[in-house]
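Everything below concerns the one structure shown next.
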Amino acid sequence: MKTRTDTKAGGSLPDNRYLHGMDGGMEEGCPADYQAAAAYIAELPRFTKKHSLEHTKEFLRRLGNPSACRRIIHVAGTNGKGSVCAFLQALFLAEGKETGFFTSPHLISVNERIRKNNVPVSDEMFYEVFCRVYSAAREMEEEGAGHPSYFEFLFGMGMEAFERMDVEYIILETGLGGRLDATNAAECPAVSVITSISLDHTDILGDTVAQIASEKAGIIKDHVPVFFDGSDEEAAKVIRRAAAAKGAPCKEISNHAFEIQEVTRKYIAFSRMNAYDEYVIYRVPICGCYQAMNAEIALETAEYLLKESARDQGRDRRWQEAIASVRWEGRMEEAAPHLILDGAHNPGAVRAFAESVRALDGKESCVIVFSAVADKKYEQMIECLCRNVDAKAYVTAEVEDVRRVPAEELAQIFRKYTDKPVVWKKDTKEALSAAEALRDGEGDIYCLGSLYLAGMIKKCLNSD
């Protein structure tokens, strides 16, 4: 593909006039169809760079500030933010609210990042919105302001799509951090939500929990209520202080807010520790103990936002059914018999994964399939797995990403921490076949370390 050079934008961007001629698309140079648009977006990380938050705000202004007046729930955190968003979405839908959801990453199709009522936008809507956003992006580039980054571009598409689809609520999941994340350009959220915080992206966000919490707390706005996971005291102190500085009402949710009643392979059952819900049992259909906290955060947030929903047995039943209906791909997801995918990709998430596996069986004769990208603390994750999960074998694989860690290198690290069999395979299908042979008819196969791995395995399963 030919390129045009724009040094102010940080590199050479695809020149899509050569995709279809000068007169295709909605304006000169616009990719000709959905496939070309998706390809254009996929190439952006090679040609653009991270911009300031003011750059994103200017981008939105050029789009006419779409969705600025809608009720936005802004969610940040190291782990659990996607699950909290999914629970919130289910609760809003149970009350008949038209709901948009901007999330990342996607597992198979980029459309998954922009949803209405839990349905990814159609290819037609995606392309229609793309052309509008492409026009504003090209205008910025030509004026020397710099082409929006990959994440900025998709965020602009999400806000434009939600405006066109006329949703009432918008759930925005941050990409990385919070303070400088593109989603923080949404200046007037209805609430801010901060989930579990642990060490991740330490080269960008800081190398202590307090530093990372400070970046996440950057989404807190003046006088806007904050709901947050208070189970880590170091992080909680930072969030309380940030909320106080902004005059933001603060609701801290601790592990004492709920009690886990049952852990099975199909669900986690818990009750809420308050007078209203003492005898109401919620079942989360994801076998991760940490999901009880995520569901509780969503319930507390929804109670605040949906005050008009009458508090009666009818609502209790609707909300129980809503929580029980959530299917969140790549989070302790049983993708096939005895094959479970989990998106754990940092040490905190791996510890939570290990806790869930121990709660399920105590002693587990499972096989672990693991892959990782180079900017993660993959040796810490591997050590945590070997010390806390009683696996009978390990298989390492490689994800389809330039940041992938070689499967052989991962295998060598596993051998530092375990004397169990360790096998490495570059190819995902070969890794799954090796894991199945090592399982030998007993136990489960758990795949984790990267959401890219989960997406690749789902593609393999869909192609069979």
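The values are calculated or read from the model by the stated rules, or taken from the named source; none is laboratory data. Everything numeric in this text was worked out from a predicted model, so none of it was measured. As a convention, Cβ positions derive from the backbone with ideal geometry for all residues, glycine included, and neighbour counts pool all protein chains shown.
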Notebook entry, point to check: If we keep just the residues of the range 432-449 that are on the phi < 0 side of the Ramachandran plot and in a loop (DSSP other than H, G, I, E, B), which is nearest to the chain's Cα centre (by Cα)?
Noted result: Asp444
Margin query: Whether any residue in the range 395-402 is surrounded by fewer than 21 Cβ atoms within 10 Å (Cβ to Cβ) and either in contact (Cβ under 8 Å) with a residue 60 or more places away in the chain or part of a helix (DSSP H, G or I) (or both) is what I want to check.
Written below: no
Checklist line | Number of the condition not met by Val367 [criteria: (1) out of contact with any Pro (no Cβ under 6 Å at 6 or more places or on another chain); (2) in a helix (DSSP H, G or I); (3) crowded, with 22+ Cβ neighbours inside 10 Å] | finding: (2)
Note to self: Tell me the residue from Met125, Met159 that is closer than 15 Å to Arg70 by Cβ and either modelled with pLDDT of 95 or more or acidic (Asp, Glu) (or both), please.
What the structure shows: Met159
Checklist line | Yes/no for Gly82 being surrounded by 17 or more Cβ atoms within 10 Å (Cβ to Cβ), modelled with pLDDT under 95 and on the phi < 0 side of the Ramachandran plot | finding: yes
Next item on the list: Could you list all residues from the range 25-66 that are closer than 30 Å to Val224 by Cα, assigned to a loop (DSSP other than H, G, I, E, B) and at pLDDT below 95?
Entry: Lys50, His51, Ser52
Next item on the list: Could you list all residues from the range 35-49 that are of a type in the set (D, E, K, R) and either surrounded by 15 or more Cβ atoms within 10 Å (Cβ to Cβ) or in contact with a strand residue (DSSP E or B) (Cβ under 6 Å, 6 or more places away or on another chain) (or both)?
Entry: Glu43
Margin query: Can you report the number of residues in the range 131-162 which are in a helix (DSSP H, G or I) and more than 22 Å from the chain's Cα centre (by Cα)?
Written below: 12
Notebook entry, point to check: Of Phe353, Phe270, which residue is among the aromatic types (Phe, Trp, Tyr) and not assigned by TED's automatic domain parsing to the domain that holds Phe228?
Noted result: Phe353
Next item on the list: Only one of these is closer than 20 Å to Pro347 by Cα, among the charged types (D, E, K, R) and either under 25 Å from the mean Cα position of the chain (by Cα) or in the same structural domain as Ile286 (by TED's automatic domain parsing) (or both): Glu409, Glu398. Name it.
Entry: Glu398
Next item on the list: Report yes if Lys429 is part of a helix (DSSP H, G or I), more than 22 Å from Ala349 (Cα to Cα), of a type in the set (Lys, Arg) and not assigned by TED's automatic domain parsing to the domain that holds Asn79, otherwise no.
Entry: yes
Check: Taking Pro421 and the conditions (1) surrounded by fewer than 19 Cβ atoms within 10 Å (Cβ to Cβ); (2) closer than 29 Å to Asp207 by Cα, which numbered condition does it fall short on, given that it satisfies the others?
Finding: (2)
Margin query: If a residue must be among the hydroxyl-bearing types (Ser, Thr, Tyr) and under 21 Å from Ser356 (Cβ atoms), how many such residues does the range 419-451 contain?
Written below: 2
Notebook entry, point to check: Residues of the range 70-127 being assigned to a helix (DSSP H, G or I) and of a type in the set (Lys, Arg), which ones?
Noted result: Lys81, Arg113
